[in-house]
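As structure tokens, the structure follows; a few thoughts come after it.
The values are calculated or read from the model by the stated rules, or taken from the named source; none is laboratory data. Quick caveat, the model's predicted, so the values are computed rather than measured. Backbone-built Cβ (ideal geometry, glycine too); neighbour counts: all protein chains shown.
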Amino acid sequence: MAYKIFLDGGAGTTGLQIADRLASRTDISLLVLDDATRKDKQARKAAMTEADISILCLPDAAAIEATAMAAELGRDVRLIDASSAHRVHPDFVYGFAEMATGQADKIANARLVSNPGCYPTSFVALVRPLIDAGLLAPEALLAAACVSGYSGGGRTMIERYEAGDAPGDAPAFGIYGLTLAHKHLPEMKVHSGLVDAPVFLPSVGQFPQGMLVNIPLHQAQFSKAVSVADLTSCYRGAYGDSALIKVGDAGGLDKHNFLVAEALAGRDNMEIFVFADASESHFVLTARTDNLGKGAAGAAVQNMNLMLGVDMLSGLQV
């Protein structure tokens with residue numbers, strides 16, 4: 001018998017990507033409302049009641065409304081919220097299975113799971129192991145310089161880049177979030193273990209999918225003297241058994257010595273790199289993902305698999 005999964009907001013970018021990953025699954029039956037009923041409260045409640053898990057692919061306000069609807073139906077309704085509305089909410093388990101020992105079990109047993117954001121997934125993956133190992137103090141003041149493919153901006157940005165609009169309307173590269181109040185900051189701070197939120201500098205490039213999150217560090221910012229080997233060992237200790245997070249080396253560079261953001265497009269895994277100068281006095285910690293994979297739809301499917309008690313990697317590309 002197939003599990004029933006309700007995609008609430010299945011016509012959006014994340015919903016479509018989730019549906020693609022589940023299309024060949026014989027153990028999954030998707031429930032997606034048509035245009036006539038997708039905003040009908042009673043139809044959505046009926047789908048939530050019927051589904052084993054509902055995945056909310058909605059704007060934040062709509063996700064909050066959907067969560068309230070689920071609460072009206074009782075404690076048997078299980079949700080994965082792909083919006084940013086509940087990522088630091090105490091009633092939701094943060095859906096980053098590799099974040100800490102026991103996190104996958106918490107997700108498996110949860111009724112409410114918040115799917116992590118794309119940038120925060122990589123940031124937390126880079127920072128939390130160093131804090132847990134005592135190599136970086138929770139009080140460290142960090143910055144993250146990042147770039148994502150334009151699909152991270154949702155349907156409006158995708159159409160802007162793919163419609164062939166006038167030159168300049170969809171720039172080859174642009175920085176945004178310059179009010180320094182991005183909605184990702186709370187989860188980046190809370191789930192990494194930092195006392196203060198980082199300076200977060202996101203940008204978008206003229207490619208559909210892919211992401212690099214870069215954290216530059218001086219040797220003096222660490223709690224004790226460290227080497228590339230120390231940092232690499234820390235990450236391998238944290239993720240050595242992971243099927244989805246691999247710790248790479250300079251082999252990740254292309255023939256031009258570029259670390260290419262799009263290299264994992266269409267895949268649901270993550271690569272972590274540690275770079276340094278010859279004296280190991282300056283470092284750059286980098287995580288590479290597909291912003292729609294491990295950073296969105298891939299994570300949602302992974303969390304769904306854990307909650308259903310099936311193979312965590314089923315439907316994922318690694």
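Values computed for the structure shown
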{"read-out": "Number of the exception - Tyr161 against (1) aromatic (Phe, Trp, Tyr); (2) at pLDDT 95 or above; (3) more than 28 Å from Pro129 (Cα to Cα)", "value": "(2)"}
{"read-out": "Residue match in segment 237-244 (condition: farther than 23 Å from Phe275 by Cβ, under 17 Å from the mean Cα position of the chain (by Cα), in the same structural domain as Asp132 (by TED's automatic domain parsing) and among the acidic types (Asp, Glu))", "value": "no"}
{"read-out": "Residues being under 16 Å from Leu130 (Cα atoms) and touching a Gly at 6+ places or on another chain (Cβ under 6 Å) - total across segment 272-291", "value": "1"}
{"read-out": "Ser223 out of contact with any His (no Cβ under 6 Å at 6 or more places or on another chain), more than 19 Å from Ala263 (Cβ to Cβ) and either of a type outside the set (A, V, I, L, M) or in the same structural domain as Phe283 (by TED's automatic domain parsing) (or both)", "value": "yes"}
{"read-out": "Per-region count, segment 14-52, residues buried (at least 21 other Cβ atoms within 10 Å of the Cβ) and β-branched (Val, Ile, Thr)", "value": "3"}
{"read-out": "Qualifying residue in segment 70-78 (condition: assigned by TED's automatic domain parsing to the domain that holds Gly9, under 24 Å from Arg155 (Cβ atoms) and not small (Gly, Ala, Ser))", "value": "no"}
{"read-out": "Count of residues meeting criterion [outside any loop (DSSP other than H, G, I, E, B), surrounded by 24 or more Cβ atoms within 10 Å (Cβ to Cβ) and more than 15 Å from the chain's Cα centre (by Cα)] in segment 108-143", "value": "2"}
{"read-out": "Output for segment 77-92, where each listed residue is surrounded by fewer than 20 Cβ atoms within 10 Å (Cβ to Cβ) and within 18 Å of the chain's Cα centre (by Cα)", "value": "Val88, His89"}
{"read-out": "Odd one out for Val113, checked against (1) without any contact (Cβ under 8 Å) to a residue 40 or more places away in the chain; (2) under 18 Å from Ile18 (Cβ atoms)", "value": "(1)"}
{"read-out": "Qualifying residues in segment 262-290 (those that are among the polar types (S, T, N, Q) and over 19 Å from Leu22 (Cβ atoms)) - the one surrounded by the fewest Cβ atoms within 10 Å (Cβ to Cβ)", "value": "Ser279"}
{"read-out": "Pair list, Cβ < 8 Å and 6+ apart or interchain, from segment 91-102 residues that are in contact (Cβ under 8 Å) with a residue 40 or more places away in the chain to residues that are part of a loop (DSSP other than H, G, I, E, B) and of a type in the set (S, T, N, Q)", "value": "Gly95/Asn115; Glu98/Ser242"}
{"read-out": "Given (1) in contact with a helix residue (DSSP H, G or I) (Cβ under 9 Å, 6 or more places away or on another chain); (2) at negative phi; (3) not acidic (Asp, Glu), index of the condition Ile175 fails", "value": "(1)"}
{"read-out": "Residue match in segment 267-280 (condition: under 22 Å from the mean Cα position of the chain (by Cα), of a type outside the set (Asp, Glu) and farther than 28 Å from Gly315 by Cβ)", "value": "yes"}
{"read-out": "Search result, residues across segment 141-157 that are of a type in the set (Gly, Ala, Ser) and touching a Phe, Trp or Tyr at 6+ places or on another chain (Cβ under 8 Å)", "value": "Ala143, Ala144, Ser148, Gly149"}
